[in-house]
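First the structure, in the form of structure tokens, and then the observations on it.
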Amino acid sequence: MCGYLPLALRIAGARLVSRPAWKVSWFATRLADESRRLDLLKAGDLEVRASFGLSYYGRPETEQRAFRMLSLLPADFPAWNLAALTGIDTGDAEELLEKLVDAVLVDVAGVDATGLIRYRLHDLLRAFARECLAKAGPPDVRDEALARPADQYIGATRLASALVHPGTPDPEAAPAGQLLAEDVVRGDPWGWFMAERASLVRMAEQTHAAWLWARTWQLAELLSVMFDWRADWRSWERTHQLALDAARQAGDADAEAGIMRSLGALYRELGRYDEAVTLLTQAAAIFESHGDRHRWAAVLRNLGDAYRYQGRLTEAIETFSAGLAVFRSAGDSRSEAGALNGMADAHRGLSHWAEAIWRARWRDSRLSATGAGSLARR
């Protein structure tokens, strides 16, 4: 809770020594409350907050504002995050961060998988920066600032997802934005996901907390590609539960159905088949009622898989067949191959050997048409 800061540890020790009735566990529990932590780290003329204030108040206003805004960012971050928050270009943001490093208000965390320098705030400095930000302006100003890096992350995630998982939106139609150089994502989309995984999850949490509903579900739905790759089931469920709540808060039924489809795919992967079928059935009904045939068919492909894993093979074949017709009419060869893959397996389970072989060969021909050699689980 003291973040290994010598001054904070000294103060904590002094408070415990001067109050023999306090248990260490009790004091640690009190320190766990971030909103009170700096109040507790005070003993006589020693105070963590005052020590930070000496550095902070001695900086120019531009640096003070940058420091305050950093409290909105995840644990570590590249310079373009600050650029998005403050509305400046990345070069100016890098210069500000280096000045804050010199003032011992920011640390250099290292270089990430994409070659970008990442910075970080000490935990106690983050708490101090959050206090300063709360005093500087109303919450709506902070929420407006947070929307800018959220938009950047949505654009970059859309691009990365399209590059690593064909069948998501066309990468040419999903630019990463002006602040994060597009070639960073294009050059190594998996590396970018590795570098930003924690930040992406945190951004989904923050946009939800700030009632930025559309940004919450837009980002969360795109992250399923990364979560599937990393087998990060807990983060998948956490971000999508937030996204589902955001869609419902905003009354956006299409967004709700999209998130339910992704959650259904997750629960199918985890063997929670009844929950998967419930969510996928609801999502399919919404898309069908809105006349969105392609997204309806995409949900049916997931639903067919859930039925297949439950052993409901005849229902699985019927469900895959309904989606298959839509994929064929739309010229979506990859999704068509996915439906055929499920149908072949269901026929095999029923000992319909000729049907299984025919569907598998048809599947392989559709995969050849897409230039892909295998099917992603999604």
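For ASP254, work out the one condition from (1) surrounded by 19 or more Cβ atoms within 10 Å (Cβ to Cβ); (2) touching a His at 6+ places or on another chain (Cβ under 7 Å); (3) acidic (Asp, Glu) it doesn't fulfil.
(1)
Quick one: what pairs do we get from the range 327-356, first residue touching a residue at least 60 places away in the same chain (Cβ under 8 Å), second in a helix (DSSP H, G or I) and surrounded by fewer than 18 Cβ atoms within 10 Å (Cβ to Cβ), C-beta under 6 Å, 6+ apart or different chains?
Listed by first residue and then by second, the contacts come to ARG334/THR370.
Determine whether the range 83-99 contains at least one residue that is under 28 Å from ALA210 (Cβ atoms), among the polar types (S, T, N, Q) and surrounded by 14 or more Cβ atoms within 10 Å (Cβ to Cβ).
Within the range 83-99, one or more residues are under 28 Å from ALA210 (Cβ atoms), among the polar types (S, T, N, Q) and surrounded by 14 or more Cβ atoms within 10 Å (Cβ to Cβ).
Can you work out which of the residues in the range 289-323 that are of a type in the set (Ser, Thr, Tyr) and over 31 Å from the mean Cα position of the chain (by Cα) is farthest from HIS352 (Cα to Cα)? First the steps, then the outcome.
Here is the first cut: in the range 289-323, the residues of a type in the set (Ser, Thr, Tyr) are 289, 307, 309, 314, 319, 321.
With over 31 Å from the mean Cα position of the chain (by Cα) added as a condition, the list becomes 314, 321.
On the way: THR314: 11, SER321: 16 Å.
Step by step, filter the range 289-323, then rank; the result is SER321.
Listed here are the residues, each with its yes/no results for (1) in a helix (DSSP H, G or I); (2) within 25 Å of GLU61 (Cβ to Cβ).
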site: THR114; (1), (2): no, no
site: ALA127; (1), (2): yes, yes
site: LEU133; (1), (2): yes, yes
site: ARG142; (1), (2): yes, yes
site: ALA147; (1), (2): yes, yes
site: ALA150; (1), (2): yes, no
site: LEU159; (1), (2): yes, no
site: LEU163; (1), (2): yes, no
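Quick check on my filter: what residues within the range 54-74 are free of Cβ contacts under 8 Å to residues at least 60 places away in the same chain, assigned to a helix (DSSP H, G or I) and under 14 Å from PHE128 (Cα atoms)? Reasoning before the result, please.
Applying the first criterion (free of Cβ contacts under 8 Å to residues at least 60 places away in the same chain) to the range 54-74 yields 54-55, 57-63, 66, 70.
Cutting the leftovers down to assigned to a helix (DSSP H, G or I) gives us 54-55, 61-63, 66, 70.
Across the range 54-74, the qualifying residues are LEU54, SER55, ALA66, LEU70.
Scan the range 247-264 residue by residue and report those that are small (Gly, Ala, Ser) and either under 22 Å from ARG215 (Cβ atoms) or not in a helix (DSSP H, G or I) (or both).
Keep residues of the range 247-264 that are small (Gly, Ala, Ser), which gives 247, 250-251, 253, 255, 257-258, 262, 264.
ALA247, ALA250, GLY251, ALA253, ALA255, ALA257, GLY258, SER262 - these are the residues of the range 247-264 that are small (Gly, Ala, Ser) and either under 22 Å from ARG215 (Cβ atoms) or not in a helix (DSSP H, G or I) (or both).
State yes or no: is LEU121 buried (at least 19 other Cβ atoms within 10 Å of the Cβ), among the aliphatic types (A, V, I, L, M) and within 26 Å of GLY187 (Cα to Cα)?
In short, no.
What is the number of the single condition among (1) under 29 Å from PHE227 (Cβ atoms); (2) more than 29 Å from the chain's Cα centre (by Cα); (3) modelled with pLDDT under 90; (4) of a type in the set (S, T, N, Q) that SER365 does not meet?
(1)
Looking only at the range 1-26, filter to residues that are under 32 Å from the mean Cα position of the chain (by Cα) and in contact (Cβ under 8 Å) with a residue 12 or more places away in the chain; which one of those is farthest from ALA134 (Cα to Cα)?
Taking the range 1-26 and keeping what is under 32 Å from the mean Cα position of the chain (by Cα), we get 1-5.
Among the residues that remain, those that are also in contact (Cβ under 8 Å) with a residue 12 or more places away in the chain are: 1-3, 5.
Numbers: MET1: 22, CYS2: 22, GLY3: 22, LEU5: 24 Å.
Per the stated criteria, the residue is LEU5.
Do we find that TRP229 is surrounded by fewer than 22 Cβ atoms within 10 Å (Cβ to Cβ), among the aromatic types (Phe, Trp, Tyr) and not in a helix (DSSP H, G or I) in this structure?
Values: surrounded by fewer than 22 Cβ atoms within 10 Å (Cβ to Cβ): yes; among the aromatic types (Phe, Trp, Tyr): yes; not in a helix (DSSP H, G or I): no.
The answer is no for TRP229.
Check off (1) surrounded by fewer than 12 Cβ atoms within 10 Å (Cβ to Cβ); (2) in a helix (DSSP H, G or I); (3) modelled with pLDDT of 90 or more for ALA21 and give me the number that stays unchecked.
Among (1) surrounded by fewer than 12 Cβ atoms within 10 Å (Cβ to Cβ); (2) in a helix (DSSP H, G or I); (3) modelled with pLDDT of 90 or more, the lone unmet condition for ALA21 is (2).
Take the residues in the range 133-157 that are farther than 27 Å from GLY53 by Cβ and of a type in the set (Val, Ile, Thr); name whichever of them is surrounded by the fewest Cβ atoms within 10 Å (Cβ to Cβ).
By that ranking, first place goes to ILE154.
So VAL106 clears everything in (1) surrounded by fewer than 18 Cβ atoms within 10 Å (Cβ to Cβ); (2) at pLDDT 95 or above except one condition, right? Which one?
The number of the failed condition is (1).
Going by the conditions given, is THR29 over 20 Å from ALA134 (Cα atoms) and either part of a loop (DSSP other than H, G, I, E, B) or out of contact with any Lys or Arg (no Cβ under 8 Å at 6 or more places or on another chain) (or both)?
Details: over 20 Å from ALA134 (Cα atoms): yes; either part of a loop (DSSP other than H, G, I, E, B) or out of contact with any Lys or Arg (no Cβ under 8 Å at 6 or more places or on another chain) (or both): yes.
For THR29, the condition - over 20 Å from ALA134 (Cα atoms) and either part of a loop (DSSP other than H, G, I, E, B) or out of contact with any Lys or Arg (no Cβ under 8 Å at 6 or more places or on another chain) (or both) - is met.
The values are calculated or read from the model by the stated rules, or taken from the named source; none is laboratory data. Bear in mind the structure is a predicted one, so any value in this text is a computation, not a measurement. Heads up, the Cβs are rebuilt from the backbone with ideal geometry, glycines too, and the neighbour counts pull from every protein chain shown.
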